[in-house]
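A short write-up of the structure that comes next.
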Amino acid sequence: MKSEIEKFYLNVSKYTNAGPYEDYYKSLTNNIKDLRLLVSEQHVHKFRLARTLSKQEIANNFDYLNCIDDALDTAVAITSEIFRLNKNGFILNKPLNEKIITTCRYMSILFASVLKSKGISTRCRAGFAPYIYEDYIVDHWINEYFDKRSNKWIAIDAQVQDSKKIYKQVNLCNLKKEFEYPAELWLKARKGELPDIDKYARYSVDENLQVIAKQLFLDFFALMNYELGYRDTPMFIYGKNFSSLTNADYEEIDNLAKLMLNSDENFDKLQQLFLQNQKFRVLRTIYVNPYTDWK
């Protein structure tokens, strides 16, 4: 019999809902390793394009010159675009111009939707991947699915196609300690025990600790089965607001991080916090002015 937590992660959000593609997802291979590769092969990351192709080559292959994350916010939208580009849908060895340009959060959404359709408890996770680039630690999204044989969550990366093409070769189907969760990083940073913290914000306009805080809340929402987009940030940590955090604010975030260190054991407390702490849930989006619309 499934535990309540397993049942919770069978539920879909507005992002992972399979909609008209549920039967199609079910028809895909049940081999997790092959399925991960199949899903990852449907896209190309914008950074890969920038590092491997000229602007003219990109223009010749795509009808848009940037990732289309905002246009493909859900699994249904992503899959619809995949079929628009190739009527055969999810296939391997696609030419470059038949792949979508998108990033890790969106591939995590798609993979979660596929696995949930197959009756596999799955959740998205936001954090950091030190295995992708050598010079900095990139913010990243992966998935965790519940493996009944081992009776534990398995971390799996559905965005990276081939570990040989990244900085550090890892088992993309079973990340153990290679992926860094923001709760642990936040608590280390707060204690001054994260000496390379600048690597996490190398290409961000936000300060070091703020970058980790944003990932912490993205991960928190994902644990609650609500996978926010990159631009959706709790307003009290957005922009200049972060520099105005009080000691009480920091203590609230510390408490959240401590609970997230063992999210299953503390699931009820996390859910209660999510439902009751409105400050955590008032989001800054492109439609909300963080300094005037909410007081």
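Just so it is clear, none of the values below were taken in a lab; they were calculated from the coordinates. Remember, it's a predicted structure, so these values are computed and weren't measured experimentally. No Cβ is skipped: glycine too gets one built from the backbone with ideal geometry, and neighbour counts run over all protein chains shown.
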Within segment 119-157, find all residues whose amide N lies under 15 Å from a label point positioned 7 Å from the Cα of Glu6 along Cα-to-beta-carbon. 119-123, 145-154
Name the residue, out of Ser163, Ser54, Ser113, whose mean-square fluctuation peaks in a Gaussian network model built on the chain with Cα pairs under 10 Å. Ser54
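Could you work out the helix-only [θ] at 222 nm for the chain, with each DSSP H run of four or more residues adding -39,500 (n - 2.57) and the total divided by the number of residues, to the nearest 500 deg cm²/dmol?
About -11000 deg cm²/dmol.
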Calculate how many DSSP beta bridges within the chain are antiparallel, expressed in % of all such bridges and rounded to the nearest 5. 90 percent
Where Cα atoms sit under 29 Å apart: lysine pairs in segment 151-213 separated by 8 or more or lying on different chains: 25
Select from Ile166, Ile101, Ile142 the residue whose mean-square fluctuation is largest in a Gaussian network model of the chain (Cα-Cα springs shorter than 10 Å). Ile166
With the cut-off at 1.5 for a/c, could you classify segment 1-180 from its C-alpha gyration tensor as rounded, prolate or oblate? oblate
Among the GluC sites (Glu not before Pro) in segment 72-152, which ones are in a DSSP loop with at most 16 other Cβ atoms within 10 Å of the Cβ? Mind listing them? Glu134
Only Lys, Arg, Asp and Glu count, each charged at its Cβ (+1, +1, -1, -1), so figure out the dipole size of the chain about its Cα centre, rounded to 20 debye. 500 debye
With a Förster distance of 30 angstrom and the Cβ-Cβ distance between Lys176 and Phe83, calculated FRET efficiency to the nearest 0.05 equals 0.30
What do you get for chymotrypsin sites (Phe, Trp or Tyr not before Pro) in segment 15-113 restricted to DSSP loop and a cutoff of at most 15 other Cβ within 10 Å of the site's Cβ? Tyr64
Sorting Val160, Ser113, Leu175 by the position of each Cα along the dipole of segment 1-180 (Lys, Arg +1; Asp, Glu -1; all at Cβ), the one nearest the positive end of that ordering is Leu175
With contacts defined as alpha carbon pairs under 8 Å and 6 or more residues apart, what's the relative contact order of the chain in percent? 17 percent
How many nm separate the modelled label positions at Glu41 and Tyr24, each set 7 Å beyond the Cα in the direction of the Cβ? 1.7 nm
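Please order Cys104, Cys124, Cys173 by the number of other Cβ within 10 Å, starting at the fewest. Could the numbers behind the result be given before it?
Numbers: Cys104 24, Cys124 30, Cys173 17.
Least to most surrounded, the residues fall as Cys173, Cys104, Cys124.
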Note the full-extension length gain between Asn31 and Ser243 as 0.36 nm times their separation in residues minus their Cα-Cα distance, in nm to one decimal. 71.6 nm
Cut-off 17 Å, label point 7 angstrom out along Cα-to-Cβ of Lys152: give me the residues of segment 159-187 whose amide nitrogen falls inside. 171-181
